[in-house]
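Engineer: For reference, the structure I am asking about is given below.
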Amino acid sequence: MLYDAIVVPFDGSASARAALDEAVRFAREDPGLVLHVIQIADLEQAAVALLESKGVDLSESAVPMGMRDAVEAVTQQASERLRTQVDGVLRSLMNEKRVSLLPEVHPGDQIVQYAKDNGCDLIIMGSRGLGALRGMLGSVSSYVLREATVPVLVVKAGE
């Protein structure tokens, strides 16, 4: 067994889908491997957008009424959307699979910390190529490459 656990940050982009496909390839070759798929989402911003769409005045400095309910609603929606996006790819695997939605704080730090906290010994992630090293790597994948203590495989989406 080359790896015990792989984490795949997933945002729905083409490169994230390519990274998930690569992780599935690893998992098919080793049924004992645990596959973690995580999505980091700005749930607070989504909750604010939901409240604004309902006409809630957010100009006050205090936390608006209904913010907790709005965060719960967008968390549920985002979690369902994530499962819908990845379940078809993961369904056929016999491996243990963990799919998690994490509220965004700092995506790079969160990916590195998640790998540490969950005993992941490989990170497979996509790169959109929008960052600074950048012509090839995005800022989050560049950060994870620098800071991770485990191997990182960066996958670009095919043309």
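Engineer: With springs connecting C-alpha atoms under 10 Å apart, model the chain as a Gaussian network and identify which of Ser53, Ser100, Ser13 has the largest mean-square fluctuation.
Structural biologist: Largest GNM mean-square fluctuation: Ser53.
Engineer: Ok, one more. Report, to the nearest 10°, how far helix 14-29 tilts away from the longest principal axis of the Cα atoms in the chain, using its own Cα long axis and a range of 0 to 90°.
Structural biologist: That works out to roughly 40 degrees.
Engineer: Projecting each Cα onto the charge dipole of the chain (Lys/Arg +1, Asp/Glu -1 at the beta carbon, about the Cα centre), which of Ala49, Pro103, Pro9 comes out farthest on the positive side?
Structural biologist: In the chain, that residue is Pro9.
Engineer: What accessible surface, in Å², does a 1.4 Å probe find on Asp109, ignoring ligands, DNA and RNA and rounding to the nearest 10?
Structural biologist: Solvent-accessible area, nearest 10 Å²: 70 Å².
Engineer: Right, another one. How much of the accessible area of the chain, probe 1.4 Å, is carbon plus sulfur, in whole percent?
Structural biologist: Carbon and sulfur together cover 51 percent of it.
Engineer: Still on this structure, I have one more. Using DSSP to define loop residues, name the GluC sites (Glu not before Pro) in the stretch 6-114 whose beta-carbon has at most 15 other beta-carbon atoms within 10 Å.
Structural biologist: Passing sites in the stretch 6-114 are Glu60, Glu96, Glu104.
Engineer: Would you please give the residues with an amide H less than 5 Å from that of Leu101, counting only those at least 5 places away or on a separate chain, with H modeled from the backbone geometry?
Structural biologist: Excluding prolines and chain starts, which carry no amide H, the hits are Gln39.
Engineer: Assign one of three labels to the chain, namely rounded, prolate or oblate, based on the Cα gyration tensor with a ≥ b ≥ c the square roots of its eigenvalues; rounded applies when a/c is under 1.5, prolate when it is not and a/b is larger than b/c, and oblate otherwise. Each step should come with its number before you reach the end.
Structural biologist: Numbers: a/c = 2.14, a/b = 1.66, b/c = 1.29.
In terms of gyration-tensor shape, prolate.
Engineer: Which whole-Hz couplings ³J(HN,Hα) result when phi for each residue of the stretch 141-150 is put into the Karplus expression 6.51 cos²θ - 1.76 cosθ + 1.60, θ = phi - 60°, listed in order with x for Gly and Pro?
Structural biologist: For the stretch 141-150, the Karplus-derived couplings read 5, 4, 4, 4, 4, 6, 9, 5, 9, 10 Hz, x marking Gly and Pro.
Engineer: Next question, about the same structure. Can you list residues whose amide H is under 5 Å from Ala5's amide H, if they're 5+ apart or on another chain and H is modeled 1.01 Å from N?
Structural biologist: Here Val34, Asp121, Leu122 satisfy the definition.
Engineer: Now a separate question. For the chain, what is the percent of antiparallel DSSP beta bridges, rounded to the nearest 5? Intermediate results must be reported in sequence, preceding the final value.
Structural biologist: On the way: 0 of 18 bridges.
Of all bridge pairs located within the chain, approximately 0 percent are antiparallel.
Engineer: Enumerate the amide H contacts of Leu153 below 5 Å, restricted to partners 5 or more residues apart or on another chain; note that Pro and chain-start residues carry no placed amide H.
Structural biologist: Result for Leu153 returns Ile123, Ile124, Met125.
Engineer: Now a separate question. So which lysines pass the test for Lys116, namely a Cα distance under 28 Å, with those fewer than 8 places away in the same chain ruled out?
Structural biologist: Result set, ordered by chain and number: Lys97, Lys156.
Engineer: About the Cα centre, and with charges only on the beta carbon of Lys, Arg (+1) and Asp, Glu (-1), how big is the dipole of the stretch 9-109? Nearest 20 debye, please.
Structural biologist: 480 debye
The values are calculated or read from the model by the stated rules, or taken from the named source; none is laboratory data. The shown structure was predicted, so the numbers you read here are calculated from the model rather than taken from an experiment. Note that each Cβ is placed from the backbone with ideal geometry, even for glycine, and that neighbours are counted across all protein chains shown. With ligands, DNA and RNA removed, areas are computed over all heavy atoms of the protein, side chains included. Shrake-Rupley method; radii C 1.70, N 1.55, O 1.52, S 1.80 Å.
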